[in-house]
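Engineer: This is the structure I want to talk about, given as structure tokens.
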Amino acid sequence: MLILGKKYKFTKFEKVRLIKQGHKLHTIRYNETNPKDVLEEIKRLISKNHKITTIVLNTKISIDDKIIQYLTKLQFDNTIKIVTIERFVEDYLFKCYIPENNIELNYLDNIKEFTVCQYIQKRIIDYIGVFTLLFLTWPILIITRYKIKKQSPGTSMFKQDRVGLKGTIFKCIKFRSMILNAEKDGAKFASKNDERVFSWGETIRKTRIDEIPQIINILKGDMHFIGPRPERKVWIDKFEKEIPYYHERHIIRPGITGWAQVMYPYGANIEDTRQKLMYDLYYIKHWSILLELKVVFKTIMVVLSKKGV
């Protein structure tokens, strides 16, 4: 696989994923490089490595005519597949491409709220998910409540304002995994090995048991079983200063689990937030029953491997 240009910067996580999928990556710089030298490098790599079947156009500037002629001839001969970075990100990385500037906004075209039919399907999935989860986990819920009170005396559950559909605020219910008054010095991101998290709290965070009480929010209609992670307004206000289109994820209700949560590792900065937004928008754009089932399966894998945060 040959990547022409560096408009979109692949994360280390994505490079590892592509390599695991069997793709060997070759990157050629295009900006500030002589087009003739670029063409020669493309020819060299293709002749040297016949396993290259895909060329990804990942450039910020227009491509030289001779390079286009060469690439289209390869595509016409059915020897090479040419894809834009926007299509590549969706087809291979399963997220929506978001540019670093506010010039290319085409990705917003197909981000739409659920139709009535889709919403009905989602609610059916919600109820099935809630009662299945409750049936399977009720002993764990009892044990969790007991252990929280033993290790960190106080209420076992807490309510926190979160942003939901179209920016509305609702009370999100969770098991408490941190010490009381964990934010006495102000709100801050949870982090790995967070000293505010007590022993059992760390366990329920990694296994996502702390999220289970949100089934009440689902039944009330505040949330779906699957959807973007519900965030606090203090963080959303911060995110929107750096990512002006962040509010787009609120076109649907948030969920206990979601595509971004199972596809991207733990993150605690603006770039991680932007990456997760790409997955959230992909989920909204490509929603289907099959995608729902994929999220459920991947969530189970995350819980069993205790990779959740």
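The values are calculated or read from the model by the stated rules, or taken from the named source; none is laboratory data. Remember, it's a predicted structure, so these values are computed and weren't measured experimentally. Heads up, the Cβs are rebuilt from the backbone with ideal geometry, glycines too, and the neighbour counts pull from every protein chain shown.
Engineer: Identify, from the list F170, F158, the residue that is aromatic (F, W, Y), at pLDDT 90 or above, over 20 Å from V302 (Cβ atoms) and not in a helix (DSSP H, G or I).
Structural biologist: Matching residue, one of F170, F158: F170.
Engineer: Name the residue that is modelled with the lowest pLDDT, counting only residues in region 1-59 that are among the small types (G, A, S) and loosely packed, with under 15 Cβ neighbours inside 10 Å.
Structural biologist: S47
Engineer: Go through region 48-79 and give me each residue that's part of a loop (DSSP other than H, G, I, E, B) and within 14 Å of M1 (Cα to Cα).
Structural biologist: N49, H50, K51, I52, T53, N58, T79
Engineer: Right, next: Output the residues belonging to region 219-235 that are more than 15 Å from the chain's Cα centre (by Cα) and surrounded by fewer than 24 Cβ atoms within 10 Å (Cβ to Cβ).
Structural biologist: L219, K220, G221, D222, R232, K233, V234, W235
Engineer: Another one. Suppose we filter T144, T132 for residues that are over 26 Å from the mean Cα position of the chain (by Cα) and either more than 18 Å from I252 (Cα to Cα) or at pLDDT 90 or above (or both); which single one remains?
Structural biologist: Exactly one of T144, T132 is over 26 Å from the mean Cα position of the chain (by Cα) and either more than 18 Å from I252 (Cα to Cα) or at pLDDT 90 or above (or both), namely T144.
Engineer: Among the residues of region 247-264, is there at least one that is touching a Phe, Trp or Tyr at 6+ places or on another chain (Cβ under 7 Å) and among the basic types (K, R)?
Structural biologist: Checked against the condition, which is being touching a Phe, Trp or Tyr at 6+ places or on another chain (Cβ under 7 Å) and among the basic types (K, R), region 247-264 yields no hits at all.
Engineer: Now, a different point. Counting just the residues of region 192-235 that are assigned to a helix (DSSP H, G or I) and aliphatic (A, V, I, L, M), which one comes out modelled with the lowest pLDDT?
Structural biologist: Filtering region 192-235 for residues that are assigned to a helix (DSSP H, G or I) and aliphatic (A, V, I, L, M), the one modelled with the lowest pLDDT comes out as I204.
Engineer: Further question on the same structure: Which residues, taken from region 263-305, are within 21 Å of L165 (Cα to Cα) and among the hydrophobic types (A, V, I, L, M, F, W, C)?
Structural biologist: L277, M278, L281, I284, W287, I289, L291, V295
Engineer: What residue, of I61, I28, is within 30 Å of Q275 (Cα to Cα), in contact with a helix residue (DSSP H, G or I) (Cβ under 7 Å, 6 or more places away or on another chain) and not assigned by TED's automatic domain parsing to the domain that holds M263?
Structural biologist: When all the criteria are applied, what remains is I28.
Engineer: Within region 80-124, take every residue that is of a type in the set (V, I, T) and assigned to a loop (DSSP other than H, G, I, E, B) and give me the one that is nearest to the chain's Cα centre (by Cα).
Structural biologist: I98
Engineer: Taking the options Y127, Y146, name whichever one is part of a helix (DSSP H, G or I) and either hydrophobic (A, V, I, L, M, F, W, C) or more than 15 Å from K220 (Cα to Cα) (or both).
Structural biologist: Y146
Engineer: Regarding I52, is this residue in contact with a Gly (Cβ under 8 Å, 6 or more places away or on another chain) and of a type in the set (V, I, T)?
Structural biologist: For I52, the condition - in contact with a Gly (Cβ under 8 Å, 6 or more places away or on another chain) and of a type in the set (V, I, T) - is not met.
Engineer: Turning to a different aspect of this structure: In region 95-114, what residues are closer than 19 Å to K6 by Cα, surrounded by 11 or more Cβ atoms within 10 Å (Cβ to Cβ) and among the hydrophobic types (A, V, I, L, M, F, W, C)?
Structural biologist: C96, I98, L105 - these are the residues of region 95-114 that are closer than 19 Å to K6 by Cα, surrounded by 11 or more Cβ atoms within 10 Å (Cβ to Cβ) and among the hydrophobic types (A, V, I, L, M, F, W, C).
Engineer: Among the residues of region 236-272 satisfying the criterion of being at pLDDT below 90, in contact with an Asp or Glu (Cβ under 9 Å, 6 or more places away or on another chain) and in a loop (DSSP other than H, G, I, E, B), which is surrounded by the most Cβ atoms within 10 Å (Cβ to Cβ)?
Structural biologist: Looking at the filtered set, the residue picked out is Y264.
Engineer: Restricting attention to region 85-106, does a residue exist that is acidic (D, E), farther than 30 Å from G164 by Cα, free of Cβ contacts under 8 Å to residues at least 40 places away in the same chain and not assigned by TED's automatic domain parsing to the domain that holds K294?
Structural biologist: no
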